[in-house]
Amino acid sequence: MNTKDIADIRKRFKLDTDLLKIAEIYNVYIQGESTEIFHEENRSFSLLDREQQELFLNNFKKVLGGKLDQKLFEVKFQPQEEGQADHTQRLLYEGLEAKEVDEWKENMQRIALKMVEETPYEKDMVVTFIRGTYFKTMKRQQDETEIDMRDEVFTTPFILCSMNQTELPKSSLVFDFVGKEFKSNVLVDPVIKLASPIGGFLFPSFTDNAADVNHIVYASGKVNKPDYRFIENVLNGDEIMTAEEDKVVFEEIVKAVIGEEVNSRTLAGLYDEINLMLEVEKEAEKEDAETPVLDTVEVTRVLKASGAKDISPEKVERAFQQVVEDKNYEIKASHVVPSYTSKSIKINTKVAEIKISPQDLRYVKGVNYNGKRCILIEVEEDAMIEGFKLLEEEQLD
């Protein structure tokens, strides 16, 4: 899945739409530190009152919120072993295809039990499963109307899971108009925190507008902090890399090729080349083409184009093997540039931390001034410090 795919299905989670229909909703309540289900309830989503429907729909949008490879991860299922009846891919596929509601519910219950049997949660938790159908309209041609678009749609059955913790409401002081007195208001019913899910997933993934049952979209509760044990043991998924981890891998590979010392011109050229790849990526998303990646060939090309010396394909392949033990490893170009994981590059010194955009690195130089190591930043306008204009003091040689 790409960003556009996720954005499209996410915006369909709203009341009274004909492009996403939810059939069943299955809620499981699990008490903290327990490995058993305390309560379960399966209902037709259409039978919920509108307020409950809206609360859940907003929750499902939250599950699919965030950027790919930071909060959302496309995970490939591990191969199923012969006779492995509790493999999550099988449970989800059979649940998706189940004609009887009881069969769908039983499969979702087994997944919920896998969650708590793997790691009992400290707080009470509600796991919600929905089964529905997502309709994606064809691209509109210039001579087509909105009605024409809906003549042809991609139809995909799906299952979405949301995991939400609960909390007890805080006691408060209220005024009783009937008894004309102040009294404490103590509520004992736990509140389900639908606004902040701690995890979830969408099955199947979508590739080229077609269902991909070999992948699942996992949603993490926090940015760049996926639950690896959950992915491996509950979802039965392969290992993943976050955007943050991929960026570190790229930096280590570059260091292994050119060393840990680099001038600002080379670094600026490096980011310029990768930013050009990202411009291609924007067009790729429009045309549903593949996202550009940095493999050994592209890393070799980018380093040469940036002005780095003594670069060879063999040297780059050895660096890949040294850092990730796989010379066929691919890094998404969007993971590498600071604009994806942050808006600026940090220059760290003992005196100060300087933040600068990647494209302005060419104006930064390391110099020796009067026997002292300094950072020189070329500027075209006045430098301001807390509203004061900085005066020029001495001319550098």
The range 21-92 to the range 315-376: how many Å between their Cα centroids?
40 Å
Candidates ASP238, ASP326, ASP295: whichever shows maximal mean-square fluctuation once the chain is modelled as a Gaussian network with Cα springs under 10 Å:
ASP326
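On a full-extension model of 0.36 nm per residue, what is the gain between ASP8 and GLU167, subtracting their alpha-carbon distance, rounded to one decimal in nm?
Numbers: separation 159, 0.36 × 159 = 57.24 nm, distance 3.19 nm.
In short, 54.0 nm is gained.
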Within the range 228-255, whose backbone N sits under 16 Å from a point 7 Å along Cα→Cβ of GLU81?
232-238
Pairing the Cα long axis of helix 296-305 with the longest principal axis of the chain, what angle in degrees results, from 0 to 90 and rounded to the nearest 10?
40 degrees
Could you work out how much longer the chain between ALA305 and ALA23 gets when fully extended? Use 0.36 nm per residue separation minus the Cα distance between them, nm to one decimal.
96.1 nm
Unit charges at the beta carbon, dipole of the chain: most positive-side option, ILE6, GLY387, LEU278:
GLY387
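Per residue of the chain, what 222 nm ellipticity follows from adding -39500 (n - 2.57) for every DSSP H run with n ≥ 4, rounded to the nearest 500? All intermediate terms of the calculation are to be shown ahead of the outcome.
On the way: 11 runs with 124 residues, N = 397.
Calculated at 222 nm, the ellipticity per residue is -9500 deg cm²/dmol.
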How far, in degrees from 0 to 90, does helix 101-118 lean away from the longest principal axis of the Cα atoms of the chain, to the nearest 10?
50 degrees
Please identify which residues in the range 23-60 have an amide N closer than 13 Å to a label point set 7 Å out from the Cα of GLU94, following the Cα→Cβ vector.
none
Given labels modelled 7 Å from the Cα in the Cβ direction, how far is it in nm from LYS346 to THR155?
5.2 nm
In degrees, nearest 10, range 0 to 90: what is the angle between the Cα axis of helix 50-63 and the longest Cα principal axis of the chain?
30 degrees
Among GLU381, GLU41, GLU122, which one moves the most in a GNM of the chain with springs linking Cα atoms closer than 10 Å?
GLU381
Taking 0.36 nm per intervening residue step and subtracting the Cα-Cα distance, what contour gain separates ASN42 from ASP238 on full extension?
67.5 nm
Can you put ILE375, ILE231 in order of accessible area, largest first, using a 1.4 Å probe?
ILE375, ILE231
What order do PHE177, PHE77 take when sorted by accessible area (1.4 Å probe), most exposed first?
PHE177, PHE77
How far apart, in nm, are two points set 7 Å out from the Cα along the Cα-to-Cβ line at GLU103 and at VAL174?
4.7 nm
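The values are calculated or read from the model by the stated rules, or taken from the named source; none is laboratory data. Values in this document were obtained by computation on a predicted structure and should not be read as measured data. Neighbour counts are summed over all protein chains in view; Cβ atoms, including those assigned to glycine, are modelled from backbone coordinates with ideal geometry. These area figures cover heavy atoms from the full protein model, side chains too; ligands, DNA and RNA do not enter into them. Shrake-Rupley method; radii C 1.70, N 1.55, O 1.52, S 1.80 Å.
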